[in-house]
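Enquirer: This is the structure I want to talk about, given as structure tokens.
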Amino acid sequence: MPNGIKAVVFDMDGVIIDSEPNHYRAICEAIGEGMTLSYDDFLGRFAGGDERYAMGEMAKELGIDYDEELFREWSNRKAAAYAQFVSENAEPMPGAVDFVSTVARAFPVGLATGSRRSDVNAALRVLAGGRLEGVFQTIVTSDDVQKPKPHPATYAKAVENLGFQPNECVAFEDSPNGILSAKGAGLRVIGISAMHGADKLGEADRVVPDLRGASLDSFYSWLD
């Protein structure tokens, strides 16, 4: 295998599915009238971690008292809204579904995401007609770890579940928080700059604009 890589772990939001607009809309729905932060605020400052972190930081910014009870209330509202929005509009990132399917024929693949399992299930059910359902050998969500991204636990658990060493795995990530998580767990990282821009992904080992037209040969060349 090229450069000792034996498995591949993908982030979901911003790598496989263009879901950040739906996450933002669902958070707006959950918070309600007090929500004044823009989509650019959300993307630039709060995306890439789990929803507890994102909504907690947004509550702080909005001057809203945030406790466990409010988090649960917002989280339940967000989950229902996200499932509805994603069922109406689940857009894959350019080239992602084909690329993941191609890689999965050659390597074991995992999914490591800051999203909740209910959000992941809702998205995979409808994305590209469900083409990626059943493709991943392991799916690690924010529900499966005590400390979600940017903590390394999400990627560490995905690698452990796949049965490989971190240095035998490569991650595909789109956000600074996600890259911190994967690098912290010891994986090599290919950053995808379509969402956040290459200047924000400097910690990645390689940065590519998107997965449009990407093949196994492309993947091998990115590992050189």
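The values are calculated or read from the model by the stated rules, or taken from the named source; none is laboratory data. Given the structure is predicted, the values throughout are model-derived calculations rather than measurements. Neighbour counts run over all protein chains shown; Cβ positions are idealised from the backbone, glycine included.
Enquirer: Would you confirm whether or not the stretch 110-129 contains a residue that is in contact with a His (Cβ under 8 Å, 6 or more places away or on another chain), surrounded by fewer than 23 Cβ atoms within 10 Å (Cβ to Cβ) and either over 15 Å from GLU173 (Cα atoms) or acidic (Asp, Glu) (or both)?
Expert: Among the residues of the stretch 110-129, not one is in contact with a His (Cβ under 8 Å, 6 or more places away or on another chain), surrounded by fewer than 23 Cβ atoms within 10 Å (Cβ to Cβ) and either over 15 Å from GLU173 (Cα atoms) or acidic (Asp, Glu) (or both), which makes the answer no.
Enquirer: Taking the stretch 5-25 only, how many residues are surrounded by fewer than 24 Cβ atoms within 10 Å (Cβ to Cβ) and among the β-branched types (Val, Ile, Thr)?
Expert: 2
Enquirer: Please return the ranges of strands (runs of 3 or more DSSP E) entirely within the stretch 131-193 where 2 or more residues are outside the structural domain of ALA79 (by TED's automatic domain parsing), free of Cβ contacts under 8 Å to residues at least 24 places away in the same chain and of a type outside the set (Phe, Trp, Tyr).
Expert: The qualifying strands (runs of 3 or more DSSP E) are 188-192.
Enquirer: Something else: Among the residues of the stretch 47-79, write down those that are among the basic types (Lys, Arg) and within 22 Å of the chain's Cα centre (by Cα).
Expert: Of everything in the stretch 47-79, those that are among the basic types (Lys, Arg) and within 22 Å of the chain's Cα centre (by Cα) turn out to be ARG52, ARG72, ARG77, LYS78.
Enquirer: If you go through the stretch 12-46, how many residues are over 15 Å from the mean Cα position of the chain (by Cα) and either in a loop (DSSP other than H, G, I, E, B) or in the same structural domain as PRO148 (by TED's automatic domain parsing) (or both)?
Expert: Here the count works out to 4.
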